[in-house]
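Written below as structure tokens is the structure these notes are about.
The values are calculated or read from the model by the stated rules, or taken from the named source; none is laboratory data. The model shown is predicted, which means the values in this text are computed figures rather than measured ones. Backbone-built Cβ (ideal geometry, glycine too); neighbour counts: all protein chains shown.
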Amino acid sequence: MEYKLFIVGFIMLAINIILILIKHYFQISLSHKLLKFIYSWIDSAWAAFILASFIMFFCIKSFKIPSGSMKNTLIEGDHIFVNKFIYGIRRPFVQIGPRYFKWHNIHRGDIVVFQCPPQAMTLFEQATGVKKDFIKRCIGIEGDTIEIKDRQLFVNKQLIHEPYVIFSNKIIPYKNNVNVLYIYNKDTYQKEWERGNLCFNPLTDDFGPVTIPKGHYMMLGDNRDVSFDSRFWGPLPDKYIKGKAFCIYWPITRWKIL
């Protein structure tokens, strides 16, 4: 969206300059009501569009929750504001890459918006260059050892209390009690997870243990049984991070700081 706003603003600026040149060199009066209206509107609008594009790229962006993977913290249709500068800013109009001037590092528990990594996309999406964003909760940072046992999360062997987590399947399926480590040895499991090769793994109630590599994070949805997250497509590289969700602004009845 910010690219479109910038382009529209740039086009308006070019039209505004052309009108000024026409007026100056050809001594054409812009006193006609229609011409005057067009000139005054464009003269005001181009700066607003360009300013809005920079604000959306560097500072704050709105985001609509597309799925139920973060219930009940965030539900489908919620509109949220995302703080884009808190984790650092990128060069103008660069979607992924290094971030500069970081105010805060990503912490466990942060609700983060990020660009979907390639291993989380279908072959068709990869081939057609589709870009989409995910929103998940960070539950692990680089160096952390993550394990899930019977739906309970352990970070560095410490049980983590997660009051925000829900499970759509009330009964733990028997098959989900079979850890994938029975299929892979520990080293192979870690490598396959880092490569995103567990995308078709049906097991969700048990996971790991894995160690998050440097410059990566582990992202999970609060609605664990329906969330397509780092358990399947692997650790999230830092370069895909877009920002931190900080409030729900619509619908007004759900307004709250996250």
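Observations on the structure shown:
- The single residue among LYS191, LYS244, LYS239 that is assigned to a helix (DSSP H, G or I), among the charged types (D, E, K, R), at pLDDT below 95 and within 17 Å of the chain's Cα centre (by Cα) turns out to be LYS239.
- Among the residues of region 229-258, those that are touching a residue at least 60 places away in the same chain (Cβ under 8 Å) and either loosely packed, with under 13 Cβ neighbours inside 10 Å or charged (D, E, K, R) (or both) comprise ASP229, ARG231, ASP238, LYS239, LYS242, LYS244, PRO251, ARG254.
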